[in-house]
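Have a look at the structure below before the remarks.
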Amino acid sequence: MSWLARTIRKFAFFAGRDRRNRELEEEMAFHRGLSEQEMMAEGLSADDARYAAARQFGNDARLRDESAGITGLWCETVLHDLRFAVRQLRRNPGFAVTTILVLTLGIGAAVAIFSFVDAALIRPLPYQNPSRLAILYESIPLGPRFHLSYLDYLDWKAQNTVFSSLDVYAPFGFILETPAGSQQADGASVSAGFFRTLGVTPVLGRDLQPSDQQQNQPRTALLSYAAWQRRFGGRRDILGQSVTLDGNPTTIVGVLPRDFHFAPAEPADFWAIERSSGGCEKNRGCHDLFGVARLKPGVTFAAAFADIRRIADNLAREYPDSNRDQKAFMLPLTEAILGDIRPILLLVLTGAALLLVIAAVNVASLLLVRTERRRREMAVRGALGASRIRLIRQFVTEGLLLALASGLLGVALASGAADLLLHLVPKDMLATMPYLEQARPDAAVFAFAAAVSLAAGLFFSLLPALRISLSELREGLAEATRGSSGTVWRRFGSNLVILELAMAVVLLVGAGLLSKSLYRLLHTDIGMVPDHLALLQVAATGHSYDTAPQQVALERKLEARLSMLPGVRSVAFTTTLPLGDGDGTTGFTIVGMPPDKVHREVAFRRVSANYFSTLQARLVSGRWFAEDEGATRQRVVIINQQMATQYFPGQNPLGRQISFDADGKNAMQIVGIVNDVQEGQLDAAPRGAMYLPFLQNPGNFLAVVLRTTQPADALLPAASAAVHQVDPGLAVDRPITMTERLHDSPSASLHRCSAWILGAFATLALVLSVVGLYGVIAYSVSQRTREIGVRMALGAQRSSVYRMILREAGILTLLGILLGLMGSLAAAGLIGKLLFDVHAWDASTLVTVGILLAVAAMLASFLPARRAASVNPTEALHAE
Amino acid sequence: MVSSMAKRPDLLPGTLDMLILKTLSRGSMHGYGIALSIKRQSDDVLTVEEGSLYPALQRLLLQGWVKGEWKMTETNRRARYYTLTAAGRRQLGLELTQFEQMIAAIGRVLQDA
């Protein structure tokens, strides 16, 4: 019999199933009739014969069910189960809503977080074969990830034997001329082969070519897809058009793909060809580029790293003046892009998983309680002929139905939650993590959601099914078994609630540690008073600000104009704001010291005379710059405390001279020592820094710092307008307050995001686990009403009943807390490296969480305890 | 539940279909007749319980090995008579061969011991 013919016949059977059932019924009645006749012939009475025949025939309903199982379509019974399951849920809407809500929260949170994990860690980066790409840095004594110089890049490119191509890029802020005036535009400057190294082809127009780099050719740039849409309305005729970047006409030759991003240089609208602009390309000490390279087939990462280290060491020997102590450093591109975010994402995903388990356990507890209540129903159905497998299938159907409904709602919730989470991340920071914005429900996310829902569904269905065994089914008809099965459930439910409480503890500890760490981070000593400081950045391009006197004049004009603004107490300037990336460093020599083997490198800023007093930084010794310390006076410098202790150990640096040049020319005298103003990120170690007077070292880029008497943010629009009044051609960028800069700094933002997310998870976990505990205790009390009645009838005091119930809850809580604290310590490794100035085993956090959970748990068990204590013994004994 | 009432040895699993097919090879019969025939032929050793007979008949119908027809009995009552089909006859031959091979194999094993 072929499969096809049987299937066709099966469908025919299915179509005529009503007639077929009638026929079967008639056939069996006929059979019973004949059996009856036979037995009567053997001498039984009519009634006895009918009874014996029916007995011999067996369970009529079950027989029909079995026949239907043979001939019926599989989906028919599934539909029955499903209809029954829906009816069950509708009969008890409170239960249905609670379970679906709890589970939706759990699944929604997990799916939302997973969509970020998917976008960042699972989906490949939008390059050809991204695992073969590496980022190249120069490593200096200050740290490993610093820029390389153009000449070093050329040598690395020419001498290496391990890369099929090596190109450079540098994040770059351009001044874009627009009809509305100059504005800053984010961009990057890249060498001609940059996109070919990545394996990215423009969707429109052409790639950058080596010929574009030649001085006599017009400058060229590619547009990012987003910038093409936003700035140029997605017009195809943009190709060949010219824009003015930094005063240079630049031809747009192409548009990059929509999903292209390159986080190390983002945000970037314009990807312009790298073109030598001044002396930097001829100076090995001028570092302004990062390398990106593709490994040759078959070359391992370690071999490539060794090769460029060899080249860098050779260069250090060959050019000791500029390259001493400069080593090569290399990271896989994926590591460079995702290295910082990976531990955070994994931590948050772990949090979501814990929350999901708590939610699932909670729902399972509710289901188990319901199973207890449905024992009689199951027993009746079993007695009426439902086979065991059919009963279990009913549970499976109900469990899967719950999980499926929650899964669908969870996915919907997740897409909303993902948007909300993205808003939690400051815009500037999100721009540097473009892959996160591409978090969207794709196949992987749906597969994850389906897998999670299915696992939850099976968990829910098998738990109650395991509880119902055939022998118990029969007993279920008798009331007497209620007590014993109640005990079994109570034990099982208690174990689950311990697990829930433990996970809540782990989440609470995680959230607590991150919050404490965030607090420490935001209140760490940054060497200044950050409130009432307004900041904005001014770039002066074009040829009216090429010379030093013009630049000094501009600074004076800006100061005069800005200090006229109401609410401004003082106006100061610097070239690089504090709390940045800590870059902008320089090497130096100490005049009068033999040229030793040490390479000295510190951050380097040019500031106005009142910069430190405006920041309210502290003068350690010496003096601030004078207002008139200009080009005609002795060259001076202020150094910070770190630089003083690091490079002048046991000496007084005041009066000493330092120089940028190896031969000690253009020496500057140290006139003051300032406390360490944090130039890098909040969690960065203190670094040496030197400050030069702007008047002696002017430039055409100024960061303005205003100390205000009123809230600083109120002043920002007026300050921007005032700058434009001085010269409409000036580009004003990023007006912000110092407090915002502090709070939105990458380190603080990462901390805050993870603290918020984990905090939200922990809150939900606390509520769910406490509700779970309440459920277990309340159920236990309801099952023990009779026992309590007996105790009280025998003279037990209400207070001892209180104690009994509270002790039961207390033991569960204690076990949960202990297990959770141990779990937190075990999880310390996961969170440890994210913490600032807090240990993962921070005692005060652990104790606080323990107390919080204990108090919440006691409150939750107080209600059932009171109910137990108010049991009326006569009624309780009567009722049973 | 039904099986717990049986005191006689259970049928070897899988042999019921074969017994039904063999019984029907002697002519068409209704369900009660099949049960009765098996009981008599086996000298009351094999009792086909109604609980397994009708699901088995449904299964055979579905496989196309038997076909059912409603006819009147001698006592003028409506009953479904089952008849072996050509496919059913082939199947019976197949099952008999397999069964004989198995019995022979079991016999050999028991003789050895």
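The values are calculated or read from the model by the stated rules, or taken from the named source; none is laboratory data. Predicted model only: the values in this text are computed from it and were never measured. Backbone-built Cβ (ideal geometry, glycine too); neighbour counts: all protein chains shown.
Can you tell me which residue within the stretch A:227-275, out of those that are surrounded by 19 or more Cβ atoms within 10 Å (Cβ to Cβ) and of a type in the set (Phe, Trp, Tyr), is farthest from A:GLY339 (Cα to Cα)?
Here the residue is A:TRP228.
Just to verify a result, which residue in the stretch A:560-588, among those that are assigned to a helix (DSSP H, G or I) and of a type outside the set (A, V, I, L, M), is farthest from A:ALA685 (Cα to Cα)? It would help to see each step written out before you state the result.
Restricting attention to the stretch A:560-588, the residues satisfying the condition of being assigned to a helix (DSSP H, G or I) are A:560-563.
Filter once more, keeping what is of a type outside the set (A, V, I, L, M): A:561, A:563.
Numbers: A:ARG561: 37, A:SER563: 35 Å.
If we take residues in the stretch A:560-588 being assigned to a helix (DSSP H, G or I) and of a type outside the set (A, V, I, L, M), then A:ARG561 is farthest from A:ALA685 (Cα to Cα).
Which of the residues belonging to the stretch A:130-153 are part of a helix (DSSP H, G or I) and touching an Asp or Glu at 6+ places or on another chain (Cβ under 8 Å)?
Hits for the stretch A:130-153 are A:TYR150, A:LEU151, A:ASP152.
May I ask you to verify whether A:LEU806 is in a helix (DSSP H, G or I) and either in contact with a His (Cβ under 6 Å, 6 or more places away or on another chain) or not hydroxyl-bearing (Ser, Thr, Tyr) (or both)?
On the way: in a helix (DSSP H, G or I): yes; either in contact with a His (Cβ under 6 Å, 6 or more places away or on another chain) or not hydroxyl-bearing (Ser, Thr, Tyr) (or both): yes.
Considered against the rule, which asks whether it is in a helix (DSSP H, G or I) and either in contact with a His (Cβ under 6 Å, 6 or more places away or on another chain) or not hydroxyl-bearing (Ser, Thr, Tyr) (or both), A:LEU806 comes out as yes.
Taking the residues in the stretch A:700-742 that are in contact with a helix residue (DSSP H, G or I) (Cβ under 6 Å, 6 or more places away or on another chain) and not aliphatic (A, V, I, L, M) as candidates, determine which candidate is farthest from A:SER659 (Cα to Cα).
Among those residues, the one meeting the criterion is A:THR708.
So A:LEU518 fits all but one of (1) farther than 25 Å from A:VAL637 by Cα; (2) among the hydrophobic types (A, V, I, L, M, F, W, C); (3) assigned to a loop (DSSP other than H, G, I, E, B); what number is the exception?
(3) is the only condition that A:LEU518 fails.
So A:ARG440 ticks every box in (1) part of a helix (DSSP H, G or I); (2) farther than 18 Å from A:THR98 by Cα but one. Which box is left unticked?
(1)
Going by the structure shown, is A:ILE100 modelled with pLDDT of 85 or more and of a type outside the set (Phe, Trp, Tyr)? Give the steps one after another, and end with the answer.
Details: modelled with pLDDT of 85 or more: yes; of a type outside the set (Phe, Trp, Tyr): yes.
When the stated conditions are applied, A:ILE100 passes them.
Out of the residues in the stretch B:84-113 meeting the condition of being among the β-branched types (Val, Ile, Thr) and exposed (fewer than 14 other Cβ atoms within 10 Å of the Cβ), tell me which one is nearest to the other protein chains (Cβ to nearest Cβ).
Of the residues in the stretch B:84-113, the ones among the β-branched types (Val, Ile, Thr) are B:85, B:97, B:103, B:106, B:109.
Narrowing further to those that are exposed (fewer than 14 other Cβ atoms within 10 Å of the Cβ): B:97, B:103, B:106, B:109.
Working: B:THR97: 18, B:ILE103: 25, B:ILE106: 28, B:VAL109: 32 Å.
By that ranking, first place goes to B:THR97.
For the stretch B:83-113, enumerate the residues that are under 21 Å from B:LYS67 (Cβ atoms) and without any contact (Cβ under 8 Å) to a residue 60 or more places away in the chain.
Of everything in the stretch B:83-113, those that are under 21 Å from B:LYS67 (Cβ atoms) and without any contact (Cβ under 8 Å) to a residue 60 or more places away in the chain turn out to be B:THR83, B:THR85, B:ALA86, B:ALA87, B:ARG90, B:GLY93, B:LEU94.
Scan the stretch A:15-25 and tell me whether some residue there is of a type in the set (Asp, Glu), modelled with pLDDT of 70 or more, surrounded by 14 or more Cβ atoms within 10 Å (Cβ to Cβ) and in a helix (DSSP H, G or I). Break it down stepwise before answering.
Of all residues in the stretch A:15-25, those of a type in the set (Asp, Glu) come to A:18, A:23, A:25.
The next check asks that each one be modelled with pLDDT of 70 or more; those that pass are A:18, A:23, A:25.
Cutting the leftovers down to surrounded by 14 or more Cβ atoms within 10 Å (Cβ to Cβ) gives us A:23.
Still in the running and in a helix (DSSP H, G or I): A:23.
Yes, that holds for at least one residue.
If we scan the stretch B:51-72, do we find a residue that is assigned to a loop (DSSP other than H, G, I, E, B), within 24 Å of A:ARG55 (Cβ to Cβ) and at the interface with another protein chain (Cβ under 10 Å from one of its Cβ atoms)?
Taking the stretch B:51-72 and keeping what is assigned to a loop (DSSP other than H, G, I, E, B), we get B:64-65.
Pick out the ones that are also within 24 Å of A:ARG55 (Cβ to Cβ) and you get none.
No, there is no match, as no residue in the stretch B:51-72 is assigned to a loop (DSSP other than H, G, I, E, B), within 24 Å of A:ARG55 (Cβ to Cβ) and at the interface with another protein chain (Cβ under 10 Å from one of its Cβ atoms).
Take B:THR47 and decide whether it is within 24 Å of A:ARG55 (Cβ to Cβ), surrounded by 11 or more Cβ atoms within 10 Å (Cβ to Cβ) and either under 13 Å from the mean Cα position of the chain (by Cα) or more than 10 Å from chain A (Cβ to nearest Cβ) (or both). Spell out the reasoning first.
Values: within 24 Å of A:ARG55 (Cβ to Cβ): yes; surrounded by 11 or more Cβ atoms within 10 Å (Cβ to Cβ): yes; either under 13 Å from the mean Cα position of the chain (by Cα) or more than 10 Å from chain A (Cβ to nearest Cβ) (or both): yes.
It is true that B:THR47 is within 24 Å of A:ARG55 (Cβ to Cβ), surrounded by 11 or more Cβ atoms within 10 Å (Cβ to Cβ) and either under 13 Å from the mean Cα position of the chain (by Cα) or more than 10 Å from chain A (Cβ to nearest Cβ) (or both).
Mind checking whether some residue in the stretch B:15-33 is at pLDDT below 90, more than 17 Å from A:ARG32 (Cα to Cα), over 14 Å from the mean Cα position of the chain (by Cα) and more than 9 Å from chain A (Cβ to nearest Cβ)?
no
Within the stretch A:510-551, how many residues turn out to be touching a helix residue (DSSP H, G or I) at 6+ places or on another chain (Cβ under 7 Å), crowded, with 19+ Cβ neighbours inside 10 Å and under 18 Å from A:PRO735 (Cα atoms)?
Of the residues in that region, 8 qualify.
Given A:THR763, A:THR708, which one is under 30 Å from A:LEU834 (Cα atoms) and of a type in the set (Val, Ile, Thr)? Talk me through it step by step, then tell me what you get.
Numbers: A:THR708 fails: under 30 Å from A:LEU834 (Cα atoms).
Being under 30 Å from A:LEU834 (Cα atoms) and of a type in the set (Val, Ile, Thr) holds for just one of A:THR763, A:THR708, which is A:THR763.
Is at least one residue of the stretch A:40-63 within 12 Å of another protein chain (Cβ to nearest Cβ), within 24 Å of B:THR75 (Cα to Cα) and modelled with pLDDT of 80 or more?
From the stretch A:40-63, those within 12 Å of another protein chain (Cβ to nearest Cβ) are A:52-63; that's our starting set.
Narrowing the set further to residues that are within 24 Å of B:THR75 (Cα to Cα) leaves A:52-54, A:56-57.
Filter once more, so that each one left must be modelled with pLDDT of 80 or more: none.
Within the stretch A:40-63 (the criterion being within 12 Å of another protein chain (Cβ to nearest Cβ), within 24 Å of B:THR75 (Cα to Cα) and modelled with pLDDT of 80 or more), the answer is no, since none of the residues qualifies.
State which residue pairs qualify: first residue crowded, with 20+ Cβ neighbours inside 10 Å and inside the stretch A:116-136, second residue part of a loop (DSSP other than H, G, I, E, B) in any location, beta carbons under 6 Å apart, and separation of 6 or more residues or different chains.
So the pair list comes out as A:PHE116/A:ALA439; A:ALA119/A:GLN438; A:ALA119/A:ALA439; A:TYR127/A:GLY199.
May I ask you to say which residue of A:GLU559, A:GLU555, A:GLU601 is free of Cβ contacts under 8 Å to residues at least 60 places away in the same chain, in the same structural domain as A:LEU730 (by TED's automatic domain parsing) and not aromatic (Phe, Trp, Tyr)? Break it down into steps so the answer makes sense when it comes.
Values: A:GLU555 fails: free of Cβ contacts under 8 Å to residues at least 60 places away in the same chain; A:GLU601 fails: free of Cβ contacts under 8 Å to residues at least 60 places away in the same chain.
Testing whether each residue is free of Cβ contacts under 8 Å to residues at least 60 places away in the same chain, in the same structural domain as A:LEU730 (by TED's automatic domain parsing) and not aromatic (Phe, Trp, Tyr) leaves just A:GLU559.
Output the number of the condition that A:LEU513 fails; it satisfies all remaining conditions of (1) among the aliphatic types (A, V, I, L, M); (2) in a helix (DSSP H, G or I); (3) within 30 Å of A:ALA185 (Cβ to Cβ).
(3)
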